[in-house]
Amino acid sequence: MSKFKIKFIQFFKLIFPSTGIELIVFLFFLVSYGYLGSYIAIHHKIIFDSRIPWDAYFSFDNKSIVMSGGSFERHPLAYYFFNWIRELALFFSDGKMDGNFRFALAWFSNIAVSLSVLQVFKYVKNIIGLPLIINLLLVLFFGAFSTTILLSFTPENFTYTLFLLTLFNHYSAIKLKKEEKIPALALALSGVSIGGLTVTNIVKVFIPIAFERDLFKSWKKFGNAAFRVIFTCICFILLYLNRIDFKYENIFNKTSEQYEKFSNVKSTPTWDMILSYFFGGNILFSNFILRDKHNMQGYNYKAIVMDVYSSWIPYIFITVLLTLIFWSYFRNFKNKLVQVLMISFLFDMMIHCIMKFGLHTSYIYGGHFVFIYPLLLGWLFYSYRESPKILSFLTVVFSIIFVYLATNNYLRMNEFFWFLNNFY
């Protein structure tokens, strides 16, 4: 068998189910999310309405993203990707932007998110090596997050970013566990695809490189790593500049403009936005409020957005979850795979919590980091595999927050459907 064919088969097995249990997990979420997205696409117009460019629900920019891929300074290469998505959806709907068009868009999102959940399952099963029952609980927990539920039918950059980041983290973990380096072409492809959809995420592609074996003990290995990083940056920069006809000054002007627009909201205390939006809203739905919007062309419409939590219970939930996450980090501090996950997470914290970029709507950025939670929880369970009492305690705590998460998000989704039934 040729080397290329072997690589292709390995790549196929990496992305798609390769065992019976993986197929069951994938199909379970594909059917669950598929039913939800199909119903919304067929009976409601909110997934794509040509009159509404942005913000109809939870600040997602569905129409804008589908038609253009989003702003070039934040999503530099998304234009090309969503051209394919849009044309495929139009092919399915015979060129009409109707219910069939929405149905196709919803199923593209469904497949991407279901594959993302599969990547998380593969990671906890193959990399961490947890018992099957814990693996299943972790992916069910992840699958019930507000981010995964919403992205499963939403045509957005974050939908596909979630898949690409979970895939890359799984792939890089395999390489680090085997003490192998990430090949230059694989790194460049990851950098272009992940950074192309959201420019800041390209940094996350380089984090695993810093943990390759003996990197800082050998000039040869360090030089090779530097070459791979530089090669990836050159590929990305050239494609980025080509996208904007090499008018690089537009990048700085637009970036500054976007930062001012999305970083100067003072209506809510910063600590509450951090807990309710950045750490909370991506996982646990908060209260919903309705707002009046317009498309700047004379069309007015209703929008639904998240408010901060109004009860003390969600704050307790978030506090407990964060305690478990940081407990896992410090417990596994010497584990390079855990360091990769946490450094990536800290990068998002810096952008949204410290620099405050989009902090008031940070619940929509969940696709960049929510998968970190089940993975770090998995490492926490693994670290106490020989301590039955602590493992039992963790299982009880996790089960309680899991039940609360599922109940809360189910009830909130009922409220979301009330919104759909009344306005869309």
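The values are calculated or read from the model by the stated rules, or taken from the named source; none is laboratory data. Bear in mind that the values here come from a model prediction, so they are computed numbers and not experimental data. In this analysis, Cβ positions are derived from the backbone assuming ideal geometry, glycine residues included, and neighbour counts consider all displayed protein chains.
Across the stretch 187-206, the qualifying residues are those that are within 21 Å of Met342 (Cα to Cα) and among the polar types (S, T, N, Q), and the one among them that is surrounded by the fewest Cβ atoms within 10 Å (Cβ to Cβ) is Thr200. Inclusion of Ser152 among residues that are farther than 22 Å from Ile209 by Cβ and at pLDDT 95 or above is warranted.
One residue stands out in the stretch 309-352 among those that are polar (S, T, N, Q) and at pLDDT 95 or above: the one that is surrounded by the most Cβ atoms within 10 Å (Cβ to Cβ), namely Ser328.
Residue count for the stretch 1-31, restricted to those that are touching a residue at least 24 places away in the same chain (Cβ under 8 Å), surrounded by fewer than 17 Cβ atoms within 10 Å (Cβ to Cβ) and more than 30 Å from Leu185 (Cα to Cα): 1. Of all residues in the stretch 271-289, exactly one satisfies the criterion of being out of contact with any Leu (no Cβ under 8 Å at 6 or more places or on another chain), more than 15 Å from Ser311 (Cα to Cα) and part of a loop (DSSP other than H, G, I, E, B), namely Asn282.
For Pro374, work out the one condition from (1) farther than 21 Å from Leu164 by Cβ; (2) in a helix (DSSP H, G or I); (3) modelled with pLDDT of 95 or more it doesn't fulfil. Looking at each condition in turn, Pro374 falls short on (1).
When Met306 is tested against (1) aliphatic (A, V, I, L, M); (2) at pLDDT 95 or above; (3) crowded, with 22+ Cβ neighbours inside 10 Å, exactly one condition is not met: (2). Annotation: Pro17 fulfils all but one of (1) over 23 Å from Leu167 (Cα atoms); (2) part of a loop (DSSP other than H, G, I, E, B); (3) modelled with pLDDT of 95 or more; the unmet one is (1).
Screening the stretch 213-242 for residues that are of a type in the set (Gly, Ala, Ser) and over 19 Å from Phe168 (Cβ atoms) and picking the one that is surrounded by the fewest Cβ atoms within 10 Å (Cβ to Cβ) gives Gly223. Scoring Arg74 on the criteria (1) crowded, with 20+ Cβ neighbours inside 10 Å; (2) in contact (Cβ under 8 Å) with a residue 24 or more places away in the chain leaves a single failure, condition (1). In the set Ala173, Ala184, Ala210, only one residue is free of Cβ contacts under 8 Å to residues at least 24 places away in the same chain, surrounded by fewer than 24 Cβ atoms within 10 Å (Cβ to Cβ) and not hydroxyl-bearing (Ser, Thr, Tyr); that residue is Ala210.
Of the candidates Thr154, Thr148, Thr161, the single residue that is in contact (Cβ under 8 Å) with a residue 40 or more places away in the chain, among the hydroxyl-bearing types (Ser, Thr, Tyr) and assigned to a loop (DSSP other than H, G, I, E, B) is Thr154. Summed over the stretch 178-197, residues that are under 20 Å from the mean Cα position of the chain (by Cα) and of a type in the set (Val, Ile, Thr) total 2. Going residue by residue through the stretch 290-304, is there one that turns out to be part of a helix (DSSP H, G or I) and touching a Phe, Trp or Tyr at 6+ places or on another chain (Cβ under 9 Å)? No: the stretch 290-304 contains no residue that is part of a helix (DSSP H, G or I) and touching a Phe, Trp or Tyr at 6+ places or on another chain (Cβ under 9 Å).
Residues checked against (1) on the phi > 0 side of the Ramachandran plot; (2) in contact with a Leu (Cβ under 9 Å, 6 or more places away or on another chain):
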{"residue": "Phe4", "(1), (2)": "no, no"}
{"residue": "Phe16", "(1), (2)": "no, yes"}
{"residue": "Val31", "(1), (2)": "no, no"}
{"residue": "His43", "(1), (2)": "no, yes"}
{"residue": "Phe58", "(1), (2)": "yes, yes"}
{"residue": "Val66", "(1), (2)": "no, yes"}
{"residue": "Pro76", "(1), (2)": "no, yes"}
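Here is the figure for the stretch 287-303: residues that are free of Cβ contacts under 8 Å to residues at least 40 places away in the same chain and surrounded by 13 or more Cβ atoms within 10 Å (Cβ to Cβ) total 1.
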